[in-house]
Amino acid sequence: MAIEADIKALQQERKELAAAGPRDQHFSQGALLAFMGTAIAIEGCLNTYSRAGKLFPGPHLYAGAGLVVLWGLAVSTVPAMQKGNDTARIVHIGANVSTLGLFAWQVTTGIPILLKVIEKTSWP
C-alpha cells in the first residue's frame, strides 16, 4: 500500500506542476527569444551594410547566422513534440544546447567589433 500512496502523491504533484503552466511559459519565452534574436540578427547585418556598404564575412557573421538557423530548427520541432514525438524533443534540446555555444562565440567575436566601432565613431 505504500507504493500506491507514493504513486498518488506523485500524481498529485504532477497535476500541481502542470497547473502552473510551465510548458506555456516556456513556449512564450522561446517564441520571444526566437523573434527578438532573429530581428536583431537581421538588424545587425542591415546596420553594418548601411554604414560600411558591405558585410564582413567572419566568425561573428557565421555564428549569428547559425543561431538563427538553430532557432528555426528548434521552433520547427514544436508541433511534433506536442504530438509526443521523442525524436523531435531530442532535436529541440540539441539545437538549443548548440545555440548556447554559438551565442558564447557570438559574444566573444563581437567584443572586438564593438571596440572598433567605438574607436572609429565620431561622438558629438
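The values are calculated or read from the model by the stated rules, or taken from the named source; none is laboratory data. Since the model is a prediction, treat every value here as computed from it, not as a measurement. Note that we place each Cβ from the backbone using ideal geometry, even for glycine, and neighbour counts take in every protein chain shown. Accessible surface areas use protein heavy atoms only, side chains included; no ligands, DNA or RNA. Shrake-Rupley method; radii C 1.70, N 1.55, O 1.52, S 1.80 Å.
The table below gives the values:
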item	result
Residues (touching a residue at least 12 places away in the same chain (Cβ under 8 Å), open to solvent by 40 Å² or more (accessible area, probe 1.4 Å) and either not small (G, A, S) or not in a helix (DSSP H, G or I) (or both)) located in segment 61-90	L61, V68, L73, V75, R89
Test set (1) among the small types (G, A, S); (2) open to solvent by less than 50 Å² (accessible area, probe 1.4 Å); (3) at pLDDT 95 or above - S98 fails condition number	(2)
Sole residue being open to solvent by 90 Å² or more (accessible area, probe 1.4 Å) and assigned to a helix (DSSP H, G or I), chosen from Q11, Q106	Q11
Residue satisfying all of: in segment 25-35; open to solvent by 100 Å² or more (accessible area, probe 1.4 Å) and of a type outside the set (A, V, I, L, M, F, W, C); nearest to A65 (Cα to Cα) among these	Q29
Qualifying position, being at pLDDT below 95, within 12 Å of the chain's Cα centre (by Cα) and not aromatic (F, W, Y), among A74, A34	A34
